[in-house]
1. Please state the charge dipole magnitude for the range 2-124, taken about the Cα centre, from unit charges on C-beta atoms (+1 on K and R, -1 on D and E), reported in debye and rounded to the nearest 20.
2. Using a 10 Å cut-off around each Cβ, can you sort VAL135, VAL42 from fewest to most neighbouring Cβ atoms?
3. If the chain between ILE82 and GLU14 were fully stretched, how many nm would it gain, using 0.36 nm times the residue separation less the Cα-Cα distance?
4. Just list whichever of LYS67/LYS126; LYS67/LYS180; LYS102/LYS206; LYS180/LYS217 have alpha carbons separated by over 32 Å in the model shown.
5. Taking θ as phi - 60°, what are the ³J(HN,Hα) couplings along the range 80-97 by the Karplus curve (6.51, -1.76, 1.60), each to the nearest whole Hz, with x for Gly and Pro?
6. Stretched out fully, how many nm does the piece from ILE66 to ASP195 gain, at 0.36 nm a residue minus the Cα gap?
7. Using a 7 Å offset from Cα along Cα-Cβ at LYS238, what residues in the range 80-112 end up with backbone N under 13 Å from the label point?
8. Can you tell me the length gained on complete extension of the stretch MET1 to ASP121, counting 0.36 nm per residue apart and subtracting the Cα distance?
Amino acid sequence: MQGLYLYCLRERTEAFPAISAEGIDGKGQVCVVPYRELEGVVSEVSLDEFGSEEIQEKAREDLNWIKERSIAHERVIEEAMINDGTVVSVIPMRFGTMFEGKAQLEETLGRDYPRIRDMLDRIRDKQEWSVKAYVTDRGQFERAIKENNEAIREKEEELASLPEGLAFFMEEELKQAVAKEADRALNTIVGGLFDRLAGQSVASVKNKLLARELTGKRVTMVLNSAYLVREERVESFKQEIEELTRQHNAGGLALDYSGPWPAFNFTSY
């Protein structure tokens with residue numbers, strides 16, 4: 001039995017080009033279902049393969065299947081949000097959003113029409129940008145902290161004057177003090193980074209930090225954030241990130257930004 005897999009919702013227009021990306025099943029053609037001033041970007045899929053219970057089972061048993069389909073899901077949305085080189089507002093759906101057919105989709109759009117319109121109004125002419133921060137060199141970061149902390153410098157001077165036996169215990173105490181101060185300073189710096197970029201956006205959110213296994217990087221993530229930025233402020237926002245990068249690179253901290261992305265962090269439907 002066939003159903004409709006929904007990727008995203010956007011405002012209806014005749015100007016959008018056909019979507020070339022393959023559907024989530026690697027077979028179905030992606031098309032649109034118009035409804036009043038909206039349209040849903042969909043493809044036909046097998047309910048036997050993409051029903052909610054089937055997807056939950058795949059999530060438990062076949063992570064590669066989920067990963068591949070998630071990439072296909074995002075690829076369609078990213079193409080759907082571009083019209084003649086211009087980014088347009090879309091409401092991205094969660095992975096696995098299914099309808100039994102066009103009638104059920106239209107019924108849902110009719111019921112939620114005011115809410116959907118309001119959500120599109122809130123993100124119109126705005127773009128989501130992702131900013132992540134990493135500690136690239138913990139040792140370098142701690143050295144920078146020591147150079148700027150008078151109490152730690154005094155402990156080092158005291159350590160240099162102690163006999164070898166006492167110096168060992170004092171050195172361990174100093175390492176713990178430096179690590180604690182570095183953690184405190186890092187939290188302050190990361191909070192400042194987030195607040196400064198939030199000031200350049202209309203909405204912002206901190207997301208869960210990702211482990212190295214997920215980022216594919218050998219460095220530790222200390223900030224995973226997203227920002228909803230007005231289109232006319234995007235270049236200024238990027239310049240702000242570049243300035244923050246110059247300020248903190250020497251201290252062992254790096255920023256990584258990307259976008260525009262579908263507004264997953266600022267829509268919920």
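Computed from the coordinates by the stated procedures, all read-outs in this text should not be read as laboratory data. Bear in mind the structure is a predicted one, so any value in this text is a computation, not a measurement. Glycine gets a Cβ as well: all are built from the backbone with ideal geometry, and neighbour counts include every protein chain shown.
1. Numbers: 16 positive and 25 negative charges, 91 e Å.
For this selection, approximately 440 debye.
2. Details: VAL135 19, VAL42 25.
Least crowded to most crowded, the residues run VAL135, VAL42.
3. Details: separation 68, 0.36 × 68 = 24.48 nm, distance 1.37 nm.
The ILE82-GLU14 span can extend by a further 23.1 nm.
4. Values: LYS67/LYS126 28 Å; LYS67/LYS180 38 Å; LYS102/LYS206 36 Å; LYS180/LYS217 24 Å.
Violating the 32 Å limit, Cα to Cα: LYS67/LYS180; LYS102/LYS206.
5. Per-residue couplings from phi come out as 5, 8, 10, 10, 6, x, 9, 7, 10, 7, 10, 9, x, 8, 5, 4, x, 7 Hz.
6. Numbers: separation 129, 0.36 × 129 = 46.44 nm, distance 3.47 nm.
Length gained between ILE66 and ASP195: 43.0 nm.
7. 87
8. Details: separation 120, 0.36 × 120 = 43.20 nm, distance 3.59 nm.
Result: 39.6 nm gained on full extension.
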